[in-house]
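Colleague: Supplied in structure tokens, the structure appears directly below.
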Amino acid sequence: MRSCRVNEMDWGYINARMRGMKSRLLNKRALDTLVLQPDLASLIAELEKTPYRDEIIEAKVRYSGVLCVEYALRKNFTRTFQKILKFVREPEAERYIRIFLHRWDVQNIKTILRGKNIHIPAEEIQDCLVPAGELDEATLTELVRQPDVRAVIDLLATWQVVYARPLTESYPTFAKSGDLSLLECALNEFYYADALEQVKPLSYNNGLIRNILALEIDVVNLRTVLRMIRDQVAPGEAKKFLISGGKEFDQEGLDHLITLHSIEEVVEELKTTPYRFLADIPPPAMRTQKISVIEKQLEKFLVQKGVGAFTGDPLSVASVIGYFWAKYNEITNIRIISRCKTADFTVEQLKEELIYV
Amino acid sequence: MSLAGWEVPIGAAIAFAGGAIATGWAQSRIGAAGAGAITERPEVAGSIIILEAIPETLVILGFVVASMIILMVK
């Protein structure tokens, strides 16, 4: 009983901080101001008037242009989540937050493996990392220093990092085929299986996390199915890249989707699921097999569901889930704006690319 | 019905203790959330102090009830 009361108090504190932090995120108006900036220099100047000020000033010393914005966004994201981990002292809350932060570990390991696989210089790989997870900057720097993919996996195994296991198991197949997506898929599969395992016992908080993870798995699987169909990969081969544990599609459902012949057929099949909104996509995009439009809609759906968690019980992990997605979306939007400014997109085109929640 | 004498102070104590415990519980919850809110947005400190004081009404009510029991029950 006593520990239960302590938990409830901590959630109240965490929820208040999350909502306070959310109130400082850029709203639609602030994003529109950024969109209306004529060029990248004025965008950076405008960002200096936002909560990104410190990071932009720091970034300007090292970089210019789009790299400056990218660096500032990465720094801000890392600092934000390190700050959350610092003030969360309650073990249960910390465990939930770590589940979300682990995905950055997975993302960073993938980035390093990709870089090593195509022999990118260590500095360039380092610039692409987001040390927001448990693998800190020093650990990642050491991993980046390794000469090749094998050495990275070996070092992870030496340090007994959990991600070494799926990588070691899949390495022989990768060594034969040279297909890095096998290692990436093994990492994804491990991350989701591990996360779902951690939230197995029945409770409100576990249910929230399970729901959002299962939704994510569905979206990841749908993306894989669409890509496989577009690239006409044989169903037997494509199955290897699907992740189990989804909410809407079980193994049988996915097996059926992967045997369909065109993207239109997949969209037609999805009309009886929560993904029926995909049917509203203009037919020309479907005919040209341009799946980026569909992927954008799926991303929007996922972000909206994630941010929607804010309406859940305030004395639960709901606000943390909501904040995570809201922050992720803000950073993605600013990144899109900065990239579009360098590519001279019109304001209307740019606004279409953004996800407002 | 005549009273033995111990019921009055016991009744008053229960009335006051109930209000005090409820106030303490409510203030602890508001205090935790308020501390979080002030950390992120110091400008809301004024409102949080007012919100923190609101549950005091419970203990005041308990005190009034306890006083009435002592003064009025013979």
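The values are calculated or read from the model by the stated rules, or taken from the named source; none is laboratory data. The shown structure was predicted, so the numbers you read here are calculated from the model rather than taken from an experiment. All Cβ positions, glycine included, derive from the backbone under ideal geometry; neighbour counts span all protein chains shown.
Colleague: Name the residue, out of B:TRP25, B:TRP6, that is more than 30 Å from A:ARG24 (Cβ to Cβ), within 14 Å of another protein chain (Cβ to nearest Cβ) and either surrounded by fewer than 16 Cβ atoms within 10 Å (Cβ to Cβ) or within 20 Å of the chain's Cα centre (by Cα) (or both).
Modeller: None of the others qualify; the one that does is B:TRP25.
Colleague: Scan A:ASP154, A:ASP231 and give me the residue that is among the acidic types (Asp, Glu) and surrounded by 15 or more Cβ atoms within 10 Å (Cβ to Cβ).
Modeller: A:ASP154
Colleague: So which of A:THR168, A:THR139, A:THR173 ends up being among the β-branched types (Val, Ile, Thr) and more than 24 Å from A:LYS239 (Cβ to Cβ)?
Modeller: The match here is A:THR139.
Colleague: Hey, any hits in region A:281-293 for a residue that's of a type in the set (Gly, Ala, Ser), free of Cβ contacts under 8 Å to residues at least 60 places away in the same chain, touching a helix residue (DSSP H, G or I) at 6+ places or on another chain (Cβ under 6 Å) and surrounded by 14 or more Cβ atoms within 10 Å (Cβ to Cβ)?
Modeller: The answer is yes, given that some residue of region A:281-293 is of a type in the set (Gly, Ala, Ser), free of Cβ contacts under 8 Å to residues at least 60 places away in the same chain, touching a helix residue (DSSP H, G or I) at 6+ places or on another chain (Cβ under 6 Å) and surrounded by 14 or more Cβ atoms within 10 Å (Cβ to Cβ).
Colleague: Can you name the helices (runs of 4 or more DSSP H) wholly within region A:142-257 that have at least 2 residues being of a type in the set (S, T, N, Q) and assigned by TED's automatic domain parsing to the domain that holds A:ALA285?
Modeller: A:204-230
Colleague: Filter region B:33-59 for residues that are among the acidic types (Asp, Glu) and free of Cβ contacts under 8 Å to residues at least 12 places away in the same chain; which is farthest from the other protein chains (Cβ to nearest Cβ)?
Modeller: B:GLU43
Colleague: Pick out the one residue from A:LEU140, A:LEU129 that is under 24 Å from A:ARG62 (Cβ atoms), out of contact with any Lys or Arg (no Cβ under 9 Å at 6 or more places or on another chain) and touching a residue at least 12 places away in the same chain (Cβ under 8 Å).
Modeller: Exactly one residue qualifies, and that residue is A:LEU140.
Colleague: Given the condition modelled with pLDDT of 90 or more, surrounded by 13 or more Cβ atoms within 10 Å (Cβ to Cβ), among the basic types (Lys, Arg) and farther than 16 Å from A:ASN329 by Cβ, answer yes or no: does some residue in region A:37-50 qualify?
Modeller: So far as region A:37-50 goes, no, none of its residues is modelled with pLDDT of 90 or more, surrounded by 13 or more Cβ atoms within 10 Å (Cβ to Cβ), among the basic types (Lys, Arg) and farther than 16 Å from A:ASN329 by Cβ.
Colleague: With (1) assigned to a loop (DSSP other than H, G, I, E, B); (2) surrounded by fewer than 13 Cβ atoms within 10 Å (Cβ to Cβ) as the list, and A:GLY133 as the residue in question, which single condition is left unmet?
Modeller: (2)
Colleague: Taking A:ASN329 and the conditions (1) touching a residue at least 40 places away in the same chain (Cβ under 8 Å); (2) surrounded by 21 or more Cβ atoms within 10 Å (Cβ to Cβ); (3) within 23 Å of A:THR50 (Cβ to Cβ), which numbered condition does it fall short on, given that it satisfies the others?
Modeller: Condition (1) is where A:ASN329 drops out.
Colleague: What is the residue count in region A:7-54 for residues that are within 14 Å of another protein chain (Cβ to nearest Cβ), among the hydrophobic types (A, V, I, L, M, F, W, C), touching a residue at least 24 places away in the same chain (Cβ under 8 Å) and in a helix (DSSP H, G or I)?
Modeller: The number of residues fulfilling the criteria is 4.
Results for (1) surrounded by fewer than 18 Cβ atoms within 10 Å (Cβ to Cβ); (2) closer than 12 Å to A:SER338 by Cα; (3) modelled with pLDDT under 90, shown as yes or no for each residue.
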{"position": "A:ALA59", "(1), (2), (3)": "no, no, no"}
{"position": "A:CYS68", "(1), (2), (3)": "no, yes, no"}
{"position": "A:PHE77", "(1), (2), (3)": "no, no, no"}
{"position": "A:PHE81", "(1), (2), (3)": "no, no, yes"}
